[in-house]
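> Supplied in structure tokens, the structure appears directly below.
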Amino acid sequence: MPTIPVADGAAQGARLHCAVDDYLWPWDATRSVVMMHGFARNARFWNRWVPAVAETSRVYRPDLLGVGESDKPPSGYRYTPETIAAQVIGALDALGLERVHWVGESSGGIIGVLLAAAHPGRIASLVLCNTPGRISDEIKRIYALDRESASAAMRAYGVGEWCRRTLGYRLDLEQADPRLQEWVVAEMDRTMPDVAAAMHDCFEGVDTQPLLAGISVPVLLLCGDKSRIAAAQQRALAERLPHARLELIEGYGHGVNLLLPERCARASLDFWRAIELG
């Protein structure tokens, strides 16, 4: 799998990892798909989407700096929306991807909105799973546990324990297999506390709502109708995005990308086919 050097003075020498799923003939010309994981997660969270999507598209699953197989940033590194966007664009350039369909889960969807606003020529469409327009004050308080902030709680308890205590907001525990629950905790616990804390501080400060009217690409919104983090916000996104379609999945809370991966992948495929047909 390719690794891509980061053009960031504060993280000089670090490299991003990107999983590539390419089962097509070299001459098959299709729009590539980039799948971006959510906060403190990694490319493995898309594994169950790959078989369906890779039948007709080349799939690229990058790990953000500090998570998954990517290098860790130096101590004290500060994530910003601008540096994350620059690293992603750098990865697209290195991989030769001029314009892509973007699939983002939670904060991975927020990154997609930021890219579509700042680099509209690079994003052909957005699929936003469980993605809010911003992290609400209620969720900020919940994620802080008994500390002053979510980042302080992660540093105090570790990412795994913090994830376990807040998992019900990130994954519908009534629908999720207990083995899936433990896997999510274990995968997120691979992210170092200082990295997760710095990344969360970055995303807590992002509000995509002022950008929505200027997003001209087609958007598919996927979410469980019982998600406390995203359901109401996805309804608001659908109203404010000029070319959005909302698919609320009845009876499900957060995490439909993991709970119903094949259904979400097929919905995305149908969405892209409709775009191609005009």
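The values are calculated or read from the model by the stated rules, or taken from the named source; none is laboratory data. Keep in mind the model is a prediction, meaning the values are calculated, not measured. Here the Cβ is made from the backbone with ideal geometry for all residues, glycine too, and neighbour counts use every protein chain on show. To get the accessible areas, we keep the full protein, side chains included, count just its heavy atoms, and leave off ligands, DNA and RNA. Shrake-Rupley method; radii C 1.70, N 1.55, O 1.52, S 1.80 Å.
> Where both partners of a DSSP beta bridge lie in the chain, what percent of those bridges are antiparallel, to the nearest 5? All intermediate terms of the calculation are to be shown ahead of the outcome.
Values: 8 of 30 bridges.
About 25 percent, rounded to the nearest 5.
> Residues with beta-carbon under 12 Å from that of A238, excluding A238: net charge, scoring Lys, Arg +1 and Asp, Glu -1?
Values: positive: R235, R240, R245; negative: E239, E247.
Net charge around A238: +1.
> Here is a further query. Search the structure for amide H atoms under 5 Å from the amide H of A244, placed 1.01 Å from N in the peptide plane, and list their residues when 5 or more places away or on another chain.
Under 5 Å from the amide H of A244 lie the amide H atoms of V219, each far enough along the sequence or on another chain.
> Counting GluC sites (Glu not before Pro) as exposed when in a DSSP loop with at most 15 other beta carbons within 10 Å, what is the longest stretch of the chain free of them?
Details: sites that count: E55, E98, E148, E174, E250.
Counting only loop sites that pass the neighbour cut-off, the longest clear stretch is 175-249.
> Could you order W183, W25 so the one with the most accessible surface comes first? Probe is 1.4 Å. Spell out each step's value before the answer.
Values: W183 85, W25 155 Å².
Solvent-accessible surface, decreasing: W25, W183.
> Where the accessible area of the stretch 131-278 is counted over protein heavy atoms with a 1.4 Å probe, how much of it, in %, is carbon and sulfur? Intermediate results must be reported in sequence, preceding the final value.
Values: 3300 of 6830 Å².
Roughly 48 percent of what the probe reaches on the stretch 131-278 is carbon or sulfur.
> Can you compute log10 of I(q)/I(0) for the stretch 155-278 with the Debye formula, treating each Cα as one identical point scatterer, at q = 0.19, 0.22 Å⁻¹?
-1.17, -1.27
> How many angstrom lie between the C-alpha centres of the stretch 14-30 and the stretch 118-133?
Going from one Cα centre to the other spans 20 Å.
> Over the stretch 1-58, average the accessible area per residue using a 1.4 Å probe and give it in Å², no decimals. The partial results should precede the final answer.
Working: 2790 Å² over 58 residues.
Accessible surface, normalised per residue, equals 48 Å².
> From the phi of every residue in the stretch 137-150, what ³J(HN,Hα) in whole Hz does the Karplus formula 6.51 cos²θ - 1.76 cosθ + 1.60 yield, where θ is phi - 60° and glycine or proline is x?
Whole-Hz 3J(HN,Hα) from phi for the stretch 137-150: 5, 4, 5, 4, 5, 5, 5, 6, 6, 9, 10, 7, 7, 4.
> Between G253 and residues 5 or more places away or on another chain, which pairs have amide H atoms under 5 Å apart, with H built 1.01 Å from N, and which residues are they?
Long-range HN contacts for G253: D172, K226.
> Right, here's the next one. Which whole-number percent is the relative contact order of the chain (Cα, under 8 Å, 6+ apart)? Let's see the in-between values first.
Numbers: 548 pairs, mean separation 53.5, N = 278.
This gives 19 percent for the chain.
> Given the -39500 (n - 2.57) contribution per DSSP H run of 4+ residues, what per-residue ellipticity at 222 nm results for the chain, rounded to the nearest 500 deg cm²/dmol? It would help to have the intermediate numbers written out before the result.
On the way: 11 runs with 110 residues, N = 278.
Here the helix-only value at 222 nm equals -11500 deg cm²/dmol.
> Quick one: divide the alpha-carbon radius of gyration of the chain by 2.2 N^0.38 Å and tell me what you get. Display every interim value, and only then the final one.
Numbers: Rg = 17.4 Å, N = 278, 2.2 N^0.38 = 18.7 Å.
Relative to the rule-of-thumb radius for its length, the chain sits at 0.93.
> Can you compute 3J(HN,Hα) from phi for each residue in the stretch 209-222, using the Karplus curve 6.51 cos²θ - 1.76 cosθ + 1.60 with θ = phi - 60°, rounded to whole Hz and x for Gly and Pro?
Per residue, the Karplus-derived 3J(HN,Hα) values read 4, x, 8, 4, 4, x, 7, 9, 7, x, 9, 10, 9, 10 Hz.
> Please list, by residue number, every one of the chymotrypsin sites (Phe, Trp or Tyr not before Pro) in the stretch 194-278 that is coil in DSSP and has at most 10 other beta-carbon atoms within 10 Å.
Working: sites: F203, Y252, F271, W272; in loops: Y252.
Filter output for the stretch 194-278: empty list.
> Counting Lys +1, Arg +1, Asp -1, Glu -1, what net charge surrounds W25 among other residues with beta carbon under 14 Å of its beta carbon?
Details: positive: R58; negative: D22, D28, E55.
The answer is -2.
> Using amide H atoms built 1.01 Å from N in the peptide plane, name the residues 5+ places from E69, or on other chains, whose amide H lies under 5 Å from its own.
Hits under the 5 Å cutoff: A43.
> I need the phi-derived Karplus couplings for the stretch 151-166: 6.51 cos²θ - 1.76 cosθ + 1.60, θ = phi - 60°, integer Hz, Gly and Pro marked x.
Computed from phi, the couplings for the stretch 151-166 are 5, 5, 5, 5, 5, 6, 10, x, 5, x, 5, 4, 4, 4, 6, 10 Hz.
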